Amino acid sequence: MATNAGRGFFRRAFDAMVEAREKQAQRYVNGALMMLDDETLRTHGVSRDQLRGARHFTSII
């Protein structure tokens with residue numbers, strides 16, 4: 001997140017909420033992708049190791 005100097009309280013709160021929702025969405029997507037087979041992941045240029053190593057990944061399996 002960019003520096004918050006000079007920003008109002010509500011703007012900082014909104015930015016924090018948006019960032020939290022983005023992380024939540026990424027965890028959801030990574031979990032859904034983990035359910036795909038290796039061949040499908042490979043076809044789309046993603047590996048299980050990349051998903052496991054993703055910064056916001058939370059295992060749902």
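Worth a mention:
- Candidate set: segment 23-41, residues that are among the charged types (D, E, K, R) and surrounded by 11 or more Cβ atoms within 10 Å (Cβ to Cβ); chosen: the one modelled with the highest pLDDT: K23
- Every pair of residues 6+ apart whose Cβ atoms lie under 9 Å, when the first sits in segment 42-53 and is under 15 Å from R27 (Cβ atoms) and modelled with pLDDT under 90 while the second is assigned to a loop (DSSP other than H, G, I, E, B) and not aliphatic (A, V, I, L, M): L51/F57; R52/S59
The values are calculated or read from the model by the stated rules, or taken from the named source; none is laboratory data. No experiment lies behind these values; they were computed from the predicted model shown. Ideal geometry is used to build each Cβ from the backbone, glycine not excepted, and the neighbour counts take in all protein chains shown.
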